[in-house]
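So the structure is just underneath, and the comments pick up after that.
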There are 2 protein chains.
Amino acid sequence: MPQRDPFRVSEVASRRTGLAKSPLSRDAIVDEALRQFTSEGGDAVTLRKIAKALDTGPASLYAYVDDMAELRALVLDRALAAVEVDQGDGPWRERLEALLRSYIRVLMTSPALARMSSQTIAVGPNALRIAEALLGILEDAGVDRLTAAWAVDMLSAFVTSVAAEHAQGADPVAPGGPVAQALDRAPASRYPRVHAAREDLVSGTGEERFAWSVDVLVRGILSRAGV
Amino acid sequence: MPQRDPFRVSEVASRRTGLAKSPLSRDAIVDEALRQFTSEGGDAVTLRKIAKALDTGPASLYAYVDDMAELRALVLDRALAAVEVDQGDGPWRERLEALLRSYIRVLMTSPALARMSSQTIAVGPNALRIAEALLGILEDAGVDRLTAAWAVDMLSAFVTSVAAEHAQGADPVAPGGPVAQALDRAPASRYPRVHAAREDLVSGTGEERFAWSVDVLVRGILSRAGV
DNA sequence: AGCGGTTGACGAACGCGGTTCGTCACGATT
DNA sequence: AATCGTGACGAACCGCGTTCGTCAACCGCT
């Protein structure tokens, strides 16, 4: 039990005048939710915890937010505000990789955020900002508009995929992790190729795999684009 | 309160001898769970509903399953048993596309299944079976082992991504859907490229986009492979 | 200055989720 | 026939999102 502050009554009064306590706005709610999403141990972010942190009850939040789903969407877009979209004026290839790297880094701030991004389609202003930047880079690369549009979809899906994979427990590919265990348990008789490639399947750092995957995507996209 | 059946005692007795009722095994639990995952409206599959369908209480399942997480993993792998891996003896490109198509079709059996597949890394025997087949196809394509191993990862992630995207509400890209709405709301002044490409971003059927994406991935992978 | 009407905040409760615990009936063993 | 260990189960716990009815504070009137 947190200590019940006897001065609480005056706080309530002051809350209306909006001096000591923030008067509970939509922004304040989203801010606190994002703070919990990123700072917390990464466990479940709940409406009740957010309310408690804002020194109120769960019901009060419903004046500003329709739904937990809406709140999640708002939080995701606010988180995406941290994605750095303007990556200097180097060659487009470097700018693309830097943008995707920033995108991934933001999503990996917390497992909860990464999980959310793979379940919610981001359609907020910041998602649009990222899409706009990607289209610009692909334009510089000489990719036609339709190809670029579809490529934006693939690149976004790729980023959320990588983040989601990273979200469930520290590096499942690491030695001793569930993947390595499963590969060791796989009998060579039934899965000869998996067995033969068991080291390759878990080789490389996250960094290397990321760069490799981006390269595969870029080559594929360029080879489809009417240069 | 559900009516208390006086005949219940005899049912318990018959359950022990395992005649009328299946005597509650791990397989029976996973079977029923998968049935609910696929047949149900696609909503949340809960331990309690599974128990009720098996004519018992939630606590009884814990004799056979450690966790809801373990149950989910078991269900996912059992679902993957339906993926058709042996796709005739045509050219590798067709076999690859057919395999991925079967994979996606299975995951799209229900939204709940699709959502699960993007959160849980599949490491069961059926996941290994699919990986084995993919490695075989890529081998036929002349892809070296390391490239093939990493490509398996990308292809799997791609499949679960597509399924997850499809999982949240009937086609978000459809006209009137949240994506189209967001694009219409996007001011051309701030997002000129997004605005210009707003039709391309939502164009194409799921089929066309799937084929296009696979083509991008294959081209990228081949161009990295030391043929 | 006094006064309804509107609105936002809140306590309490509802239904449902996964999980745990103590009990008791069962089938096998002595 | 008596006993024992096992495992199925009812009941309960705690936390979740959400809803409802109430009440106090603010606003624009007269």
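The values are calculated or read from the model by the stated rules, or taken from the named source; none is laboratory data. Every value quoted in this text rests on a predicted model; they were computed, and no experiment measured them. Using ideal geometry, Cβ is built from the backbone for each residue, glycine included, and neighbour counts are taken over all protein chains shown. Surface areas here come from the heavy atoms of the whole protein model, side chains and all, with no ligands, DNA or RNA. Shrake-Rupley method; radii C 1.70, N 1.55, O 1.52, S 1.80 Å.
What pairs come up if the first residue lies in region B:190-215 and is not assigned by TED's automatic domain parsing to the domain that holds B:L96, the second is open to solvent by 30 Å² or more (accessible area, probe 1.4 Å) and at pLDDT 95 or above, and their beta carbons are under 8 Å apart, counting only those six or more places apart or on different chains?
Nothing qualifies.
Kindly list the number of the only condition in (1) modelled with pLDDT of 90 or more; (2) part of a loop (DSSP other than H, G, I, E, B) that fails for B:K21.
Among (1) modelled with pLDDT of 90 or more; (2) part of a loop (DSSP other than H, G, I, E, B), B:K21 violates only (1).
Working only within region A:178-207, note down all residues that are over 23 Å from the mean Cα position of the chain (by Cα) and outside any helix (DSSP H, G or I).
A:A186, A:P187, A:A188, A:S189, A:R190, A:Y191, A:A197, A:V202, A:S203
If you scan region A:140-164, which residues turn out to be facing chain B (nearest Cβ under 9 Å) and out of contact with any helix residue (DSSP H, G or I) (no Cβ under 7 Å at 6 or more places or on another chain)?
If the condition is that a residue be facing chain B (nearest Cβ under 9 Å) and out of contact with any helix residue (DSSP H, G or I) (no Cβ under 7 Å at 6 or more places or on another chain), then A:D153 is the only one that fits.
Give me the pairs: first residue in region A:117-139 and within 7 Å of chain B (Cβ to nearest Cβ) and more than 20 Å from A:S161 (Cβ to Cβ), second residue among the acidic types (D, E) and open to solvent by 20 Å² or more (accessible area, probe 1.4 Å), beta-carbon distance under 7 Å, and six or more apart or on different chains, which are they?
No pair meets every condition.
Considering only residues that are modelled with pLDDT under 90 and open to solvent by 40 Å² or more (accessible area, probe 1.4 Å), which ones fall in region A:28-47?
Hits for region A:28-47 are A:T38, A:S39, A:E40, A:G41, A:D43, A:A44.
Test each condition in (1) over 27 Å from B:A167 (Cβ atoms); (2) over 19 Å from the mean Cα position of the chain (by Cα) for A:L146 and report the one that comes out false.
The number of the failed condition is (1).
Could you check how many residues of region B:169-183 are more than 7 Å from chain A (Cβ to nearest Cβ) and modelled with pLDDT under 85?
Total meeting the criteria: 8.
Considering (1) within 16 Å of DNA strand C (Cβ to nearest atom); (2) farther than 14 Å from B:N126 by Cα; (3) of a type in the set (G, A, S), say which one B:A73 fails and leave the rest.
Only one criterion in (1) within 16 Å of DNA strand C (Cβ to nearest atom); (2) farther than 14 Å from B:N126 by Cα; (3) of a type in the set (G, A, S) is unmet by B:A73, namely (2).
Residues that are at pLDDT 95 or above and either open to solvent by less than 50 Å² (accessible area, probe 1.4 Å) or not assigned by TED's automatic domain parsing to the domain that holds B:V179 (or both): find the helices (runs of 4 or more DSSP H) completely inside region B:48-166 holding 1 or more of those.
Numbers: elements: B:68-80, B:92-107, B:111-117, B:125-140.
Filter on region B:48-166 gives B:68-80, B:92-107, B:125-140.
Working carefully through the options A:A157, A:A197, A:A188, find the one that is among the aliphatic types (A, V, I, L, M), in contact with a Lys or Arg (Cβ under 7 Å, 6 or more places away or on another chain) and within 21 Å of B:L134 (Cβ to Cβ).
Result: A:A197 is the single residue among A:A157, A:A197, A:A188 that is among the aliphatic types (A, V, I, L, M), in contact with a Lys or Arg (Cβ under 7 Å, 6 or more places away or on another chain) and within 21 Å of B:L134 (Cβ to Cβ).
Identify the single condition in (1) farther than 21 Å from B:A186 by Cα; (2) small (G, A, S); (3) open to solvent by 20 Å² or more (accessible area, probe 1.4 Å) that A:G177 does not satisfy, given that it satisfies every other one.
Of the numbered conditions (1) farther than 21 Å from B:A186 by Cα; (2) small (G, A, S); (3) open to solvent by 20 Å² or more (accessible area, probe 1.4 Å), the odd one out for A:G177 is (3).
Among the residues of region A:184-193, are any farther than 30 Å from B:R198 by Cα, facing another protein chain (nearest Cβ under 7 Å) and hydroxyl-bearing (S, T, Y)?
Checking region A:184-193: at least one residue is farther than 30 Å from B:R198 by Cα, facing another protein chain (nearest Cβ under 7 Å) and hydroxyl-bearing (S, T, Y).
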